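Every read-out reported here was derived from the displayed coordinates using simple, explicitly stated rules and does not represent laboratory data. What you are looking at is a predicted structure, and each value in this text was computed from that prediction instead of being measured. Please note: Cβ atoms are built from the backbone with ideal geometry, for glycine as well, and neighbour counts cover all protein chains shown.
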Amino acid sequence: MLKKVRITLGVICFTAITLMFLDFTGTLRLWFGWLAKIQFLPAVLAANFIVIAALLVLTILFGRVYCSVICPLGVFQDGIFILSMKKKGKKQTYSKEKKWLRYGVLALFIAAFIAGLGSLVAILAPYSAWGRICQSIFAPAVQWVNNLLADAAVRKGGYGFVTKEIWLKSLPALVVAAATLIAVIVLAWRNGRTWCNTICPVGTTLSFLVRFSMFRPLIDTEKCVGCHSCERKCKASCIDSDNRKIDYSRCVGCFDCIDNCKVGALKYRFAWGGKSSGNQPSKAVEATDKGRRAFLAGSVVALTGTALHAQTDDKKRDGGFAEVLPKISPDRSVPLTPFGSEGVKQFYSRCTACQLCVSVCPNDVLRPSGDLKRLMQVEMSYDKGYCRPECTKCSEVCPSGAIVRITPEQKTTWKIGTASVDFDTCLASVGTASCGSCSRHCPVGAITMVRKDPSNESSPMIPSVIEEKCIGCGACENLCPVRPVSAITVNGCIVHHNENN
Amino acid sequence: MEKNISRRDFMNMAGAGSAALGAAALAVSCAPKKSAEALVKEGLKKDDSVLETGKMEMRTAGNGEQVSLLGYGCMRFAMKKGEDGKDVIDQDNVNELIDYALAHGLNYYDTAPVYLQGLSEEAVGNALSRHPRKDYLIATKLSNFSNWSREASMRLYNESFEFLKTDYIDFYLLHSLGRGGLENFNGRFVENGMMDLVQKEREKGKIRQLGLSFHGNQDEFDQLLSLHDKYHWDFIQIQMNYWDWQHADGKRNVNAEYLYEQLDKHEIPIVVMEPLLGGRLASPAESVANRLKERDPQASMASWAFRFVGSYPRILTVLSGMTYMEHLQDNLKTFKDFQPLTDEERTYLSRDIADIMANFPTIDCTACKYCMPCPYGIDIPGIFSHYNKSINSGTFPQSKEQEEYSRLRRAYLVSYNRAIPTVRQADHCISCGECLSKCPQSIAIPSQLQRIDAYVEKLKQDKL
């Protein structure tokens, strides 16, 4: 019974969270957004004391049900484990807790957290790891299917599906996500919850509490016949049936053992105390990283666009398209972080790199960073789109408080960056064409067109940024006709500010 | 922005349209009803057998040549991506269409060196040269737009013979005269000696008939017509359809009614281009389509437009850019056993129907692609066509109060992104103005693009 409840709730949570990452239209987040906000690490980072307290109380009452129900990475491992158990003759055996590894990883995690090594924190955080896997591996597949459906729908005159361009947002993030996925699958296949009981910092943290949990599976030594059926199927390898003991620090509260005991010796009961310990083999995941530059250079090769017919003679031809080079992001000495993130430091100390905001960004602005200091944590760029004034989706979904909720009205009062013009490439300044595209499209009127030569009445007009007014949304950078690097580019503000401060 | 009618006007007009529709329905219901079958028997209505048994309407050119009233405009064949990613014409498709057209008596083929990214002449030549030369008439043009030198013009002239695999051209046109007046004419054809050359070639028989295609205002037309005594235009190609008959803007274009009357007076045969206004008369706004369908539920929108122009006796041939077989077949049905419109029907189209159309804020783009390629990669005809389609199909989001506004808004934005890649959309236009001089319809392209951009921006921000 308990097992069924656990499985039902777990599957619901897992499906909802996963779908939220795969749903690029951003509708599911309206219903399931709270599931991201009750994840442990994001709640800690968001200083969401109510959620933290609730999770702690939950654990002290019922054990690590968080790991079996709420954590999507945990539920995923259970799925793999169930598949692996279909193999005949496969059985689990008790192993001792590998304390040095568990606590070592946790210590490293806390150290990284304090030192502000956001990317290391991000690699280990379980919910974020799952988010990255969804966003970089599963979402493109879903989008591909969606695009097929969109094609079919349009043939029938329907616009129910929005075509979504599939593009590699960050190679390092993809590599890390793939490595994490493989490691988790291998570990879960071989031994169930190894990841959760050795590497996962949340698992280790909760294991401190679970030693004192009120309800827990208890072995009735009177009834136990020592048949090992509980131990053989324990995904956490935490039941020592020879000694009739359970290592509660590693028990994830799955209740499988209760159903598996044929003599009814295992019961989920109110109790205090009683613990054992053990060790586990370990695997660590390492991230490979490639320079962002290398990635960008690679993406230039994969450029799209229709080639213009070679016009070797002076015969004009009608039709066809001029080639449009893809844009390359400029070097930004200060990274751009989303509206509502309040500043670079603030943002990167809280972003767990779960990629939920990347998944919902409709303008292809957000992507995982390739910078080593904040690998996979999110940054903005305007090569594919710009941060549109009516959109506040990322601030609505962020579970860790890295992006604080803002309204579209508030959005235009914050300043996250400043644009500047490169007059060596600006078309209007160079004299190629009169342009003014940046000025026309600035939503806050921060770009004025001024005479290049003030003494000349008919001088060409060039754009000039009124720095105080500019909010850094990137409309100018995105719509600048100069390619591959725009003539007007935005650099981030270290501390975002608004009219009031 | 003169076309940018206010939302109120638009709504009022839509209401008036439906009221008028009701009136029309009344009028029709009063008329005696006859079944479609009875009409076919009386020869008033066509069924599909006309394709096989009907006779193509023929007109006589100045030199006595018999010309089919339906001419093939070779500017709109379907393109596909070649192996190197460049656009190419699907030659098999062209062969199939032209074989079919020839077999059904269509003998006039109109091309130009610049059409279809410069690939039209060769494709047409490939297809036609598989048939006896006497079975078809070729029309091509001297499209020396960008380079007026004699060398460049001669190269175009000579290449036409080469690509079309022929040693004479039946109808040769000075391409797109009018804009820029006599100065443009003199620069392109007189000062470089091309005018003398083509006249000599006409005497030699290498050019059978010499004419010009016209885009411009009344003064510019009168100037060119005054040269008739000097050069003798064997024919003149004009834009004519039931919209342009009386609804040209008058500043940069001129009513087709005026052009026709003048040419008729001078007894100059007329070749008609844009009889469908770039396809816009083939898929007009719903209220227009309903009225025409009520008059004849079996007649296509295009057939009305073709019959309108074909009804005038001075018309030599009507060019239609038939991309697909169904276009060709539908048109053949119209032009075989051709039935001219009555005076009442012609007035109904050029006045009543065109007046309703005048109230829709569509853009007069015929998708001729003369403006393309835009140096900044904007898909100008694509953007205009998407916008027009939305207006004509009645799915144009106009205000938040509108019924089904949110669905229409979504459909507009989603279909816009599907139709045009984001980097080729209106917001990427920098208003450089390169396209302005190239548009035969004199559309203020950059400001129209800005208008659409502003509209889309409002839609996106949901502030309509």
In the neighborhood of A:ALA36, defined by Cβ-to-Cβ distances under 15 Å, what is the net charge if each Lys or Arg adds +1 and each Asp or Glu adds -1? +4
For a quick check: sort B:HIS131, A:HIS496 by the number of other beta carbons within 10 angstrom, fewest at the front. B:HIS131, A:HIS496
Taking the range A:55-108, which trypsin sites (Lys or Arg not before Pro) meet the DSSP loop condition and have no more than 13 other C-beta atoms within 10 Å? A:LYS86, A:LYS87, A:LYS88, A:LYS90, A:LYS91
I'd like the FRET efficiency for A:GLU457 and B:ASP219, computed as 1/(1 + (r/R0)^6) with the beta carbon distance as r and R0 of 41 Å, rounded to 0.05. 0.80
Could you tell me which residue out of A:TYR103, B:ALA78, A:GLY79 lies farthest along the dipole of the protein assembly as shown toward its positive end? Charges go on the beta carbon: Lys and Arg +1, Asp and Glu -1, centred on the Cα centre. A:TYR103
Estimated FRET transfer efficiency (B:ALA78, B:GLU345; beta-carbon r; R0 30 Å; 0.05): 0.35
Through the Karplus equation 6.51 cos²θ - 1.76 cosθ + 1.60, θ set to phi - 60°, convert the phi angles of the range A:480-489 into ³J(HN,Hα) values in whole Hz; use x for Gly and Pro. 5, x, 6, 9, x, 9, 4, 7, 10, 10
Suppose every K and R has +1 on its Cβ and every D and E has -1 on its Cβ; what is the size of the dipole of chain A about the Cα centre, in Debye to the nearest 20? 2700
Unit charges at the beta carbon, dipole of the range B:208-351: most positive-side option, B:PRO275, B:LEU316, B:ALA289: B:ALA289
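Below 11 angstrom from the Cβ of B:TYR348, what's the summed charge of the other residues (Lys, Arg +1; Asp, Glu -1)?
The answer is -1.
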Looking at this model, which pairs from A:LYS164/A:LYS415; B:LYS141/B:LYS206; A:LYS86/A:LYS233; B:LYS134/B:LYS230; B:LYS369/B:LYS389 are more than 22 angstrom apart at the alpha-carbon? A:LYS164/A:LYS415; B:LYS134/B:LYS230
Chain B: relative contact order as a whole-number percent, Cα under 8 Å and 6+ apart: 15
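In the protein assembly as shown, what percentage of the DSSP-assigned beta bridges are antiparallel, given to the nearest 5?
The antiparallel proportion sits near 50 percent.
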Explain nothing, just compute: Karplus ³J(HN,Hα) = 6.51 cos²θ - 1.76 cosθ + 1.60, θ = phi - 60°, for every residue of the range A:172-185 in order, whole Hz, x for Gly and Pro. x, 5, 5, 4, 4, 4, 5, 4, 4, 4, 4, 4, 5, 5
Could you give the C-alpha radius of gyration of the protein assembly as shown expressed as a fraction of 2.2 N^0.38 Å, taking N as the number of residues it contains? 1.21
Label-point separation, B:ASN186 to B:SER129 (7 Å along Cα→Cβ), nm: 4.0
Quick one: if you stick a label point 7 Å off each Cα along the C-beta vector at A:ASP331 and B:GLU257, how many nm between them? 6.8
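I need the calculated FRET efficiency for the pair A:GLU467 and B:MET325, taking r as the beta carbon distance and R₀ as 51 Å, to the nearest 0.05.
0.25
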So how strong a dipole does the range A:310-403 carry about its Cα centre when Lys and Arg Cβ are +1 and Asp and Glu Cβ are -1, to the nearest 20 debye? 240
As an exercise, identify the GluC sites (Glu not before Pro) in the range B:307-400 lying in DSSP coil whose Cβ has no more than 12 other Cβ atoms within 10 Å. none
In chain A, taking the dipole from +1 charges on Lys and Arg beta carbons and -1 charges on Asp and Glu beta carbons about the Cα centre, the listed residue (A:LEU187, A:VAL225, A:ALA46) farthest towards the positive end is A:VAL225
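Can you give the longest run of chain B that contains no trypsin sites (Lys or Arg not before Pro) sitting in a DSSP loop with at most 13 other Cβ atoms inside 10 Å?
Between exposed loop sites, the widest span is B:252-399.
Could you work out the relative contact order of chain A, using alpha carbon pairs under 8 angstrom and six or more residues apart, expressed as a whole percent?
Working: 992 pairs, mean separation 87.6, N = 501.
Relative contact order, chain A: 17 percent.
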Under a plain spin-label model, where a point goes 7 Å from the Cα along Cα-to-Cβ, how far apart in nm are B:ASP337 and B:ASP99? 2.7
Given the -39500 (n - 2.57) contribution per DSSP H run of 4+ residues, what per-residue ellipticity at 222 nm results for the protein assembly as shown, rounded to the nearest 500 deg cm²/dmol? -12000 deg cm²/dmol
Sorted by Cβ neighbour density within 10 Å, fewest at the top, the residues B:ILE98, B:ILE452: B:ILE452, B:ILE98
Loop-resident sites, the range A:392-501, for GluC sites (Glu not before Pro), counting at most 12 other Cβ within 10 Å (DSSP): A:GLU457, A:GLU467, A:GLU468, A:GLU499
Rank these for me by crowding, B:TYR405, B:TYR72, going from fewest to most other beta carbons within 10 Å. B:TYR405, B:TYR72
With +1 on each Lys and Arg Cβ and -1 on each Asp and Glu Cβ, how big is the dipole of the protein assembly as shown about its Cα centre, in debye rounded to the nearest 20? 6760
